[in-house]
Amino acid sequence: MIDFHVHMGNLFRNEHPWSELSVHQLIDHMNRHNIDVGVLLPCESPEAAPGYFLTEHALVARDMYPDRLIAFVSVDPRMPRYLEQIEVFVKHHGCRGFGELVNGLAFDDPRNKAIYAKCDEYGLPLVFEINKDYCYDDKELSRLEACLKEFPNAKFCGHGPGFWAAISSDYDAQGGYPAGPVVPGGPVDRLLEEYDNLYADISARSGYNALTRDPEFTEGFVERHWRKLLFGSDIMGPGWDIPQLRWLEEIELSSEIRWAIAEGNARRILGLD
């Protein structure tokens with residue numbers, strides 16, 4: 001398996017006692033759950049978490065376990081010379097993608113679009129979160145759609161409450177974790193169908209909620225989009241429960257589809273095949 005959405009470090013420095021997740025604890029977690037590779041997503045914007053997980057820390061961890069960990073780069077687009085930082089981390093330090101993108105700007109803010117342009121230039125995957133106040137969009141996800149059109153070589157990997165709540169056509173652009181049946185025709189369903197460069201990261205409570213709130217809808221959704229779904233955990237601390245593991249084990253899927261969600265799609269996006 002490949003976990004496409006992994007964090008580590010002391011992201012909860014506001015808590016007492018701290019619940020820091022070390023690289024050794026992360027590898028132990030991966031071993032216990034038969035996860036072969038984890039994709040490290042730094043968090044460098046203040047909206048992402050109460051603490052920071054820097055790209056440099058991801059690189060140190062990757063170099064300790066080079067066969068088990070892949071490092072992405074993340075920078076805050078409000079920082080000076082942030083595009084130069086992306087260049088350095090991709091060209092000279094081997095970062096394989098960008099993420100996690102989560103900041104208090106609109107999804108199509110010019111500073112975010114400059115990041116998409118870099119990902120488009122290098123053909124990189126980009127893991128982003130949409131929420132009510134972070135990388136925010138309207139109820140049709142029209143900002144996301146415009147960027148999918150403008151940057152076709154970037155591999156956009158959607159995540160977060162504002163992305164996954166838009167699986168339903170009654171999405172109100174407020175994010176959250178809606179319960180009950182999905183109303184067909186939601187923007188996420190449509191955009192996954194129409195754009196080859198959009199993928200869906202099933203991590204966190206948001207992904208799990210979207211895939212379990214309406215099992216009948218989920219059956220058709222997975223059938224339509226299984227080549228676009230990426231297993232992820234969004235682990236941020238020791239001892240975290242990962243319900244997506246149970247979901248993958250329990251849902252009725254062919255071996256081909258199960259393998260694609262668990263690792264095959266990630267291998268293709270990351271160029272590991």
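Condition first: surrounded by fewer than 22 Cβ atoms within 10 Å (Cβ to Cβ), among the hydrophobic types (A, V, I, L, M, F, W, C) and in a helix (DSSP H, G or I). Can you find one or more residues in segment 26-39 that meet it?
yes
Give the residues of segment 45-92 that are at pLDDT 95 or above and of a type in the set (Gly, Ala, Ser), sorted by residue number.
Once the filter is applied, which keeps residues that are at pLDDT 95 or above and of a type in the set (Gly, Ala, Ser), segment 45-92 yields Ser45, Ala58, Ala61, Ala71, Ser74.
I'm trying to understand the selection: among the residues of segment 86-110, which are of a type in the set (Gly, Ala, Ser) and under 13 Å from Pro42 (Cα atoms)?
Scanning segment 86-110 gives Gly97, Gly99.
Which pairs have Cβ atoms under 6 Å, sit 6 or more apart or on different chains, and link a residue in segment 212-232 that is under 16 Å from Ala165 (Cα atoms) to one that is buried (at least 19 other Cβ atoms within 10 Å of the Cβ) and not aromatic (Phe, Trp, Tyr)?
Taking only residues 6 or more apart or on different chains, the pairs are Asp214/Val182; Phe217/Val182; Thr218/Leu211; Leu229/Ala200; Leu229/Ile202; Leu229/Ile261.
I need the full set of residues from segment 30-42 which are out of contact with any Phe, Trp or Tyr (no Cβ under 8 Å at 6 or more places or on another chain) and not β-branched (Val, Ile, Thr), in order please.
Met30, Asn31, Arg32, His33, Asn34, Asp36, Gly38
Exactly one of (1) surrounded by 15 or more Cβ atoms within 10 Å (Cβ to Cβ); (2) farther than 17 Å from Glu44 by Cβ; (3) in contact with a Gly (Cβ under 9 Å, 6 or more places away or on another chain) is unmet by Cys119. Its number?
Tallying (1) surrounded by 15 or more Cβ atoms within 10 Å (Cβ to Cβ); (2) farther than 17 Å from Glu44 by Cβ; (3) in contact with a Gly (Cβ under 9 Å, 6 or more places away or on another chain), Cys119 fails exactly one: (2).
At pLDDT below 95 and either within 19 Å of Ala266 (Cα to Cα) or touching a Leu at 6+ places or on another chain (Cβ under 7 Å) (or both): does that describe Pro238?
yes
Residue-by-condition table, conditions (1) closer than 30 Å to Asn31 by Cα; (2) surrounded by 14 or more Cβ atoms within 10 Å (Cβ to Cβ):
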{"position": "Pro178", "(1), (2)": "no, yes"}
{"position": "Asn197", "(1), (2)": "no, yes"}
{"position": "Ala200", "(1), (2)": "yes, yes"}
{"position": "Met236", "(1), (2)": "yes, yes"}
{"position": "Leu248", "(1), (2)": "yes, yes"}
{"position": "Glu256", "(1), (2)": "yes, no"}
{"position": "Ala262", "(1), (2)": "yes, yes"}
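Keeping to segment 46-101, report how many residues are part of a loop (DSSP other than H, G, I, E, B), among the charged types (D, E, K, R), surrounded by 14 or more Cβ atoms within 10 Å (Cβ to Cβ) and over 16 Å from the mean Cα position of the chain (by Cα).
Counting residues in segment 46-101 that are part of a loop (DSSP other than H, G, I, E, B), among the charged types (D, E, K, R), surrounded by 14 or more Cβ atoms within 10 Å (Cβ to Cβ) and over 16 Å from the mean Cα position of the chain (by Cα) gives 2.
For segment 16-25, how many residues are loosely packed, with under 13 Cβ neighbours inside 10 Å and modelled with pLDDT of 95 or more?
Residues flagged as loosely packed, with under 13 Cβ neighbours inside 10 Å and modelled with pLDDT of 95 or more within segment 16-25 amount to 1.
In segment 161-256, which helices (runs of 4 or more DSSP H) lie fully inside it and hold 3 or more residues that are among the small types (Gly, Ala, Ser) and closer than 20 Å to Tyr134 by Cβ?
Numbers: elements: 161-164, 187-194, 204-212, 215-225, 243-250.
Output list reads 204-212.
Looking at segment 102-128 only, could you name the residues that are within 16 Å of the chain's Cα centre (by Cα) and of a type in the set (A, V, I, L, M, F, W, C)?
Result: Val102, Phe107, Ile115, Cys119, Leu124, Leu126, Val127, Phe128.
Taking the stated definitions as given, is Tyr171 among the aromatic types (Phe, Trp, Tyr), crowded, with 19+ Cβ neighbours inside 10 Å, in contact (Cβ under 8 Å) with a residue 24 or more places away in the chain and touching a Phe, Trp or Tyr at 6+ places or on another chain (Cβ under 7 Å)?
no
Does Arg190 count as under 27 Å from Asn34 (Cβ atoms), surrounded by fewer than 17 Cβ atoms within 10 Å (Cβ to Cβ) and not acidic (Asp, Glu)?
Values: under 27 Å from Asn34 (Cβ atoms): no; surrounded by fewer than 17 Cβ atoms within 10 Å (Cβ to Cβ): yes; not acidic (Asp, Glu): yes.
When the stated conditions are applied, Arg190 does not pass them.
The values are calculated or read from the model by the stated rules, or taken from the named source; none is laboratory data. If you're wondering where the values come from, they're calculated on a predicted model, not measured in any experiment. All Cβ positions, glycine included, derive from the backbone under ideal geometry; neighbour counts span all protein chains shown.
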